[in-house]
1. Tell me, please, whether a residue that is of a type outside the set (D, E, K, R) and assigned to a strand (DSSP E or B) can be found in the range 319-332.
2. Restrict the check to the range 76-84 and report whether at least one residue is open to solvent by 80 Å² or more (accessible area, probe 1.4 Å), hydroxyl-bearing (Ser, Thr, Tyr), assigned by the TED database to the domain that holds ALA130 and over 20 Å from LEU39 (Cα atoms).
3. Search the range 407-424 for residues being in contact with a Gly (Cβ under 9 Å, 6 or more places away or on another chain) and buried (at least 17 other Cβ atoms within 10 Å of the Cβ), and hand back the single one that is modelled with the highest pLDDT.
4. Just one of (1) under 19 Å from GLY420 (Cβ atoms); (2) surrounded by 10 or more Cβ atoms within 10 Å (Cβ to Cβ); (3) of a type in the set (Ser, Thr, Tyr) trips up SER277, so point out which.
5. Report yes if SER154 is surrounded by fewer than 14 Cβ atoms within 10 Å (Cβ to Cβ) and of a type outside the set (A, V, I, L, M), otherwise no.
6. What are the residues in the range 346-387 that are modelled with pLDDT of 85 or more, surrounded by fewer than 19 Cβ atoms within 10 Å (Cβ to Cβ) and of a type outside the set (D, E, K, R), if any?
7. When you go through ALA153, ALA167, ALA95, ALA181 one by one, which is the residue that is modelled with pLDDT of 80 or more and closer than 17 Å to LEU37 by Cα?
Amino acid sequence: MEKGKKFGPFDRIFKSIQGYLTPKAPVSSGLSFWRELILTSILFTMTILGTIVYFPSVYLAWTEGKTEVLWIDTCALGLIYFLLLAKRIDFSIKATLVLTMNYLLGLSLLIFVGPEGGGLLWLFPFPVLAGVLFGLSPSLFGLLANMIAVFIASRAQFYLSLPWSMAPERLYVVGLNFLIANTIVCVPLTILMRGLQESVQRRHEYLTNLRLRKAHIYRSKRTLEKEIAARIEIERTLEENLREKEVLLHEIHHRVKNNLQIVSGMLNLQNMYSTESATSEILSKAQNRITAMAMIHDHLYKQDKFANVDMKTYLDSLLRHLVTSYFPSGNRIGFEADMEPVRLSMEKAIPCGLIVTELISNSLKHAFPNEAKGNISVQLKVKENKVHLTVKDDGVGMPGIQEWFGQTSSKKQDQDSSLGLMIIRSLCNQLKAELDLKNVGGTSVCLIFKT
């Protein structure tokens with residue numbers, strides 16, 4: 001704390017000077033900022049050092065009677081103070097005045113005092129400052145101006161009454177050495193400033209591009225955030241609509257299943273009051289067909305997906321229902337199922353269920369006469385993107401099976417075709433299925449259609 005209090009005033013003075021010398025132009029402006037900073041620093045240094053040197057120089061000039069030195073120093077110091085305090089003057093004007101003052105001061109001292117009066121020392125930084133403040137070309141013009149100043153000084157002693165004299169050849173040699181040393185310092189320093197200028201310019205361009213990319217990324221981020229928010233809102237709306245549709249589909253399948261069960265129940269009641277066996281058989285078949293369709297809607301109602309039906313689960317349930325419905329006496333007929341997991345759309349699942357119902361009912365009715373025993377099997381396979389649905393039995397077979405299914409033309413087909421076979425043929429056309437019919441060791445009907 002004591003150290004901070006001790007150096008507090010100096011810190012405030014230093015910060016005040018630093019704030020005054022710092023250009024108003026931002027650092028991002030590049031070389032302009034550094035040139036203004038260099039010019040202000042030169043003025044500040046020249047003010048401090050010029051004030052220190054002014055008094056002994058004026059005293060010495062007064063005692064020696066060199067009033068021209070007194071006026072030159074006084075005017076130069078006054079100009080330096082003016083330029084330092086005048087912050088509003090444009091950089092180019094201020095830099096031009098500093099260079100002019102520097103050149104005139106050196107030229108005046110060189111002419112009126114001679115090479116020993118410090119004129120060459122004041123002329124030495126002239127091209128250097130020109131290169132630093134304006135560039136390479138002004139620096140070369142500064143070297144040319146110094147050469148002219150040496151030539152003027154060498155000729156002035158012949159036309160003016162001056163307190164000094166020096167042989168022109170000697171002055172030319174001194175001037176030449178001065179110009180060589182001036183060039184050695186000036187040219188590399190100017191080239192260095194030019195390199196720094198290009199480096200600062202590249203850095204400025206890089207920062208500019210970086211800011212542009214940052215702004216572009218920020219805009220892209222805002223756009224993406226808006227798009228994501230909009231997409232989230234759309235997804236939320238779609239999810240709500242999907243849930244509503246799922247609820248509606250659940251309700252539709254539930255109602256369709258219930259309505260079909262009501263129709264099936266009404267047919268069952270009608271069958272109970274029927275006294276004719278033919279009518280009872282027709283009603284039972286119609287009831288089984290309706291139940292096959294109702295079971296599809298029941299499966300869709302119980303599962304989450306409505307686009308397709310799990311045929312393995314559906315056909316297993318259908319077979320259990322058919323076994324319970326027909327219930328052959330004495331368990332004389334066995335049922336076998338060999339099915340792979342296959343999912344079909346409802347447009348294909350309903351025809352498949354009705355076809356299986358018709359084929360199994362026909363097998364139970366015609367394949368095992370006189371209480372014969374046998375087996376009925378259902379197979380569901382997928383081969384080369386095609387579904388193979390097979391219903392076969394080991395009963396007495398079906399003579400002329402091709403004619404029954406309409407694969408050959410015969411009058412017997414029109415005379416003996418039943419409603420069940422008509423339904424099977426119609427559903428096969430709906431599925432665009434190929435039929436593979438066999439009548440060896442029983443009856444085998446295989447439907448082949450695309451998934």
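The values are calculated or read from the model by the stated rules, or taken from the named source; none is laboratory data. Every value quoted in this text rests on a predicted model; they were computed, and no experiment measured them. With ideal geometry, Cβ positions are generated from the backbone for all residues, glycine too; neighbour counts draw on all protein chains shown. Surface accessibility is based on the protein's heavy atoms, side chains included, excluding ligands, DNA and RNA. Shrake-Rupley method; radii C 1.70, N 1.55, O 1.52, S 1.80 Å.
1. No, the conditions are met nowhere in the range 319-332.
2. no
3. This residue is LEU421.
4. The single condition SER277 does not satisfy is (2).
5. Working: surrounded by fewer than 14 Cβ atoms within 10 Å (Cβ to Cβ): no; of a type outside the set (A, V, I, L, M): yes.
So SER154 fails the test.
6. Within the range 346-387, GLY374, ASN375, SER377, GLN379, VAL382, ASN385 meet the criteria.
7. One residue alone meets the criteria, ALA95.
Residue-wise test of (1) of a type outside the set (Phe, Trp, Tyr); (2) in contact with a Ser or Thr (Cβ under 6 Å, 6 or more places away or on another chain); (3) open to solvent by less than 20 Å² (accessible area, probe 1.4 Å); (4) touching a residue at least 40 places away in the same chain (Cβ under 8 Å).
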site: ASP90; (1), (2), (3), (4): yes, no, no, no
site: LEU104; (1), (2), (3), (4): yes, no, no, no
site: GLY118; (1), (2), (3), (4): yes, no, yes, no
site: GLY131; (1), (2), (3), (4): yes, yes, yes, yes
